[in-house]
Amino acid sequence: MKEALRYLTDIKTRLVASPAVAAITVVAEYASEDRGYFRARLALINGDFLEVSEYFMIQADRPATQEYRYQWMDHARQKLIRRWDNAEHFPELPHFPHHVHVGDQKSVAPGSALSIVALMDLIERELGEQTDRKP
């Protein structure tokens, strides 16, 4: 359970330290001997909404993401910006089952394995680029 708890702590520490995150609400979390789950809702600094959900297992003393769903929406939660997940919906895409819904539920692109920690790196880069483009 030690490694699973450590990973949950790492996730929460990463979210709290992120310059892209304005507020965090943890919805659920648990850890057992060799697995865990984390779900949270985040308000991003630009007003957008991000929900993260990740189930992981400890393999060789390291966390390995098994199932994930990360949904980024506009501030009103009406428009999908992106959703990353590994539900087995699109076997024809490269890197199956990893995929990304871009701007619309029906618009799907290949994805790659992703953890909450890696997702935050991506979100921070994207929000940084948006800020850099503003006059």
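The values are calculated or read from the model by the stated rules, or taken from the named source; none is laboratory data. Computed from a predicted structure; not experimentally measured. Positions of Cβ are generated from backbone atoms using ideal geometry, with glycine treated the same way; all protein chains shown enter the neighbour counts.
Tabulated data for the structure shown
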| item | result |
| --- | --- |
| Search result, residues across region 100-122 that are in contact (Cβ under 8 Å) with a residue 60 or more places away in the chain and in a helix (DSSP H, G or I) | Ile116, Val117, Leu119, Met120 |
| Pairs where the first residue, in region 65-90, is touching a residue at least 40 places away in the same chain (Cβ under 8 Å) and the second is assigned to a strand (DSSP E or B), C-beta under 6 Å, 6+ apart | Thr65/Glu54; Thr65/Phe56; Tyr68/Glu54; Tyr70/Val52; Tyr70/Trp84; Trp72/Leu50; Trp72/Ile81; Trp72/Arg82 |
| Matching entry among Arg62, Arg83, Arg77, Arg125 (being at pLDDT 90 or above, on the phi > 0 side of the Ramachandran plot and either in contact with a Phe, Trp or Tyr (Cβ under 6 Å, 6 or more places away or on another chain) or of a type outside the set (Gly, Ala, Ser) (or both)) | Arg77 |
| Of all residues making up region 19-39, the number that are assigned to a loop (DSSP other than H, G, I, E, B) and surrounded by fewer than 19 Cβ atoms within 10 Å (Cβ to Cβ) | 4 |
| Filtered residues of region 40-56 (kept if in a strand (DSSP E or B) and of a type outside the set (A, V, I, L, M, F, W, C)) | Arg41, Glu51, Ser53, Glu54, Tyr55 |
| Out of Leu93, Leu42, sole residue that is surrounded by 16 or more Cβ atoms within 10 Å (Cβ to Cβ) and either more than 13 Å from the chain's Cα centre (by Cα) or at negative phi (or both) | Leu42 |
| Total residues in region 80-99, condition part of a loop (DSSP other than H, G, I, E, B) and not polar (S, T, N, Q) | 12 |
| Among residues of region 1-18, those that are over 15 Å from the mean Cα position of the chain (by Cα) and not in a helix (DSSP H, G or I), counted | 1 |
